[in-house]
Amino acid sequence: MASLFKIPVEQVASLVALQGFMIKKSVSEGIAQSYRQAIEAAGGVCEIQPEIQQLQHIPVDLSPSMGSGETTTIEIDHPDGRSTSSVNQSESKPMAKIRHDTEPNAAELKDQINTKTWHFVLLTAATVGIYPLLWLTRHHEIFNKVTKKQTVSMPIIVFLAICIGISLALNGTRNQTGILVFLATYLLTVILYLVLAFRAKRALQEYALNTLKIDLRMSPVYTVLFTLFYINYCINDIPEVLRRQQILTNQRPT
């Protein structure tokens, strides 16, 4: 164990005498597994425990006796395993602050869904109105996870698919009962799309306000007229809304 950690045998003996002690914190899972394997191979017992840590600003005490122009490398543990930061003494005061950026990614939802609105429209036309259902099936879990709202569930999508299937099957029928069923399922499909669009609108605005700290203004009229197309457009527009807000408030765009 002393050879493994390059410390004196006496220090290892004093550590082993304890009930337990921490070897390393704020490392990635892969690094933690490497530590455990090495310790167990040396005859020790190692446990990996999760750590909840929010790092914002880390004060670093730089000695006033350091010469001007010197660059000091400071080892700082990060949750993702990064550890080295450099501070130039000629550009800093005796007390410096190293900022660990934990700001949320405004383009997260846009990047994960990755659907251009005009592609959405063209694919909907090419599939005779079926593509919005496929879009919901593919992306509803991503939307729920990022916004932290259970906006769309699979049972709703299945029920919507049944309504669309029935309306497509009865489209063009001349039977009076068939026409009534077609109108009922078509109307129900429109209502479901409107409900889902407004639920997504509310979830998106709350996500933008609470997580990204921006006021995402979405038109109820456009939500009614364009439903999911408008939701997709607003998802893609979030980074631009944040950029404009940062310019207006004299903040640095990220």
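The values are calculated or read from the model by the stated rules, or taken from the named source; none is laboratory data. Quantities reported herein were computed from a predicted structural model and do not represent experimental measurements. Backbone-built Cβ (ideal geometry, glycine too); neighbour counts: all protein chains shown. Side chains included, ligands, DNA and RNA excluded: accessible areas come from the protein's heavy atoms. Shrake-Rupley method; radii C 1.70, N 1.55, O 1.52, S 1.80 Å.
Between Gln49 and Ser153, the contour length at 0.36 nm per residue exceeds the alpha carbon distance by 34.1 nm. Protein-only accessible surface at a 1.4 angstrom probe places the residues Arg244, Arg174, Arg217, Arg36 in the order Arg174, Arg217, Arg244, Arg36, largest first.
Please work out the FRET efficiency for the pair Leu209 and Asn250, using the Cβ-Cβ distance as r and a Förster radius of 22 Å; give the result to the nearest 0.05. Efficiency, rounded to the nearest 0.05: 0.60.
The apolar share of the surface of the range 121-254, taken as the fraction of accessible area on carbon and sulfur atoms (1.4 Å probe, ligands and nucleic acids excluded), comes to 65 percent. Karplus-based coupling profile of the range 160-170, in residue order and whole Hz: 5, 5, 5, 4, 5, x, 5, 5, 5, 5, 9, with θ = phi - 60° in 6.51 cos²θ - 1.76 cosθ + 1.60 and x standing for Gly or Pro. When Asp215, Asp237 are compared by accessible surface with a 1.4 Å probe, the order from highest to lowest is Asp215, Asp237.
Counting only protein heavy atoms and using a 1.4 Å probe, the accessible area of Glu29 comes to about 140 Å².
Only protein heavy atoms count here; on that basis, with a 1.4 Å probe, Leu248 has an accessible area of about 140 Å². Each residue, Val221 and Glu240, gets one label point 7 Å from its Cα in the Cβ direction; the gap between the two is 2.0 nm.
Here the simple spin-label model places points 7 Å from the Cα toward Cβ, and for Arg202 and Asn175 these points are separated by 3.9 nm.
Per-residue 3J(HN,Hα) values for the range 215-226, derived from phi via the Karplus relation 6.51 cos²θ - 1.76 cosθ + 1.60 with θ = phi - 60°, read 9, 8, 8, 10, 7, x, 5, 5, 5, 5, 6, 10 Hz in sequence order (x marks Gly and Pro). Shown is the FRET efficiency for Ala38 and Ile142, computed with R0 = 41 Å from the Cβ-Cβ distance and rounded to the nearest 0.05: 0.60.
Annotation: amide H of Ser28 within the under-5 Å range of Gly81, sequence separation 5 or more or interchain, hydrogens built in the peptide plane. Converting phi to 3J(HN,Hα) with the Karplus coefficients 6.51, -1.76 and 1.60 and the offset θ = phi - 60°, the range 28-43 yields 6, 4, x, 5, 4, 5, 5, 4, 4, 5, 5, 5, 5, 5, 8, x Hz in sequence order, with x at every glycine or proline. Place a label point 7 angstrom from the Cα of Gln112 along the Cα-to-Cβ direction, then list the residues of the range 147-163 whose backbone nitrogen is under 17 Å away. Backbone N within reach: 147-154. Sorting Leu216, Leu4, Leu18 by solvent-accessible area of protein heavy atoms yields Leu18, Leu4, Leu216, largest first, with a 1.4 Å probe.
In the complete set of protein chains, residue-level accessible area for Ile7 is approximately 50 Å², probe 1.4 angstrom. All Cα-Cα separations within the range 157-254 were binned at 10 Å from zero, giving a P(r) of 15, 33, 24, 15, 9, 4, 1, each value a whole percent of the pairs. Between amide H atoms placed 1.01 Å from N, distances below 5 Å from Ile214 occur with Leu209, all of them 5 or more places distant or on a separate chain. Over the range 94-211, the pair-distance histogram of Cα-Cα distances with 5 Å bins from zero comes to 2, 10, 16, 19, 16, 11, 8, 6, 4, 3, 2, 1, 1, 1, 0, 0, 0, 0 percent, rounded to whole numbers.
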